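Accompanying notes for the structure given below.
The values are calculated or read from the model by the stated rules, or taken from the named source; none is laboratory data. Just so you know, these numbers come straight off a predicted model, no measurement behind them. Here the Cβ is made from the backbone with ideal geometry for all residues, glycine too, and neighbour counts use every protein chain on show.
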Amino acid sequence: MNISQATALRAVKRAPEQAVALVERLIKRPLFGCQMCGHCILQDTAFICPMSCPKGLRDGPCGGTDMYGMCETDPTMPCVWLRIYERAERMGRMDRLMKLQDDLDWRREGSSEWIPLLKRVVSRGRSLNQDERTAQ
C-alpha cells in the first residue's frame, strides 16, 4: 500500500458517516438532483437522479406523462425519465438505460455512496500493488 492509499484509508475510517453524507448531499443534489438513496446509479442515467421522479422509478418511465412531457404526479415538472432519455441520447449512452437496476435497500437511504466507493478503490489499489510485488 502506498502512502496516499494508506492516508485515504485512514481518512475513510475516521470520517464520520453523517459528515461525509452531508458533503455528498451538498454537492450531488444541486448538480444531479440526487435524493441520497444509498444506491447511486447516476453514471447509468445520464447523471440525472432517477429518484427525483415523484414515483421513485429507477428502471424507466411510468408512461403517465401528458402530451407536453410533464409528469402526471407533479404536472409542474417535466418527466424525469424523459430528461434522462434525452440527455442519454445526446451523450451517446442509451445502452446504459437498458440495464435493470437492483432493488433499493431503504436502510441505506440518506447514507453516503462515496465511502463504500473509496473503500473499493483503495482495496483495488492495494491488490494491484500486491500483484506488482509478486511479479518482481
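Restricting attention to the stretch 110-120, report how many residues are assigned to a helix (DSSP H, G or I) and either surrounded by 15 or more Cβ atoms within 10 Å (Cβ to Cβ) or free of Cβ contacts under 8 Å to residues at least 24 places away in the same chain (or both). Give the steps one after another, and end with the answer.
Just the residues of the stretch 110-120 that are assigned to a helix (DSSP H, G or I), to begin with: 114-120.
From the residues that got through so far, the ones that are either surrounded by 15 or more Cβ atoms within 10 Å (Cβ to Cβ) or free of Cβ contacts under 8 Å to residues at least 24 places away in the same chain (or both) too are 114-118, 120.
Residues that pass the stated criteria total 6.
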Problem set entry | Unmet criterion (only one of (1) in contact (Cβ under 8 Å) with a residue 24 or more places away in the chain; (2) closer than 27 Å to Val20 by Cβ) for Leu97 | (2)
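Determine if the stretch 52-71 includes at least one residue that is in a helix (DSSP H, G or I) and either farther than 20 Å from Leu117 by Cα or not charged (D, E, K, R) (or both). Working first, answer last.
Our first condition is that a residue be in a helix (DSSP H, G or I); within the stretch 52-71, this holds for 52.
Now restrict to residues that are either farther than 20 Å from Leu117 by Cα or not charged (D, E, K, R) (or both): 52.
Yes, the conditions are met somewhere in the stretch 52-71.
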Exercise. Taking the stretch 21-63 as the search range and keeping residues that are among the polar types (S, T, N, Q) and under 11 Å from the mean Cα position of the chain (by Cα), which one is surrounded by the most Cβ atoms within 10 Å (Cβ to Cβ)?
Worked result: Thr45
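Give the residue, chosen from Leu31, Leu9, that is assigned to a helix (DSSP H, G or I) and without any contact (Cβ under 8 Å) to a residue 24 or more places away in the chain. Let's see the steps before the verdict.
Details: Leu9 fails: without any contact (Cβ under 8 Å) to a residue 24 or more places away in the chain.
Selected residue: Leu31, the only one of Leu31, Leu9 that is assigned to a helix (DSSP H, G or I) and without any contact (Cβ under 8 Å) to a residue 24 or more places away in the chain.
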Exercise. Asp66 versus (1) surrounded by 15 or more Cβ atoms within 10 Å (Cβ to Cβ); (2) modelled with pLDDT of 90 or more: which is the lone unmet condition?
Worked result: (1)
For this session: Take Arg107 and decide whether it is exposed (fewer than 14 other Cβ atoms within 10 Å of the Cβ), more than 30 Å from Leu22 (Cα to Cα) and under 21 Å from the mean Cα position of the chain (by Cα).
Result: no
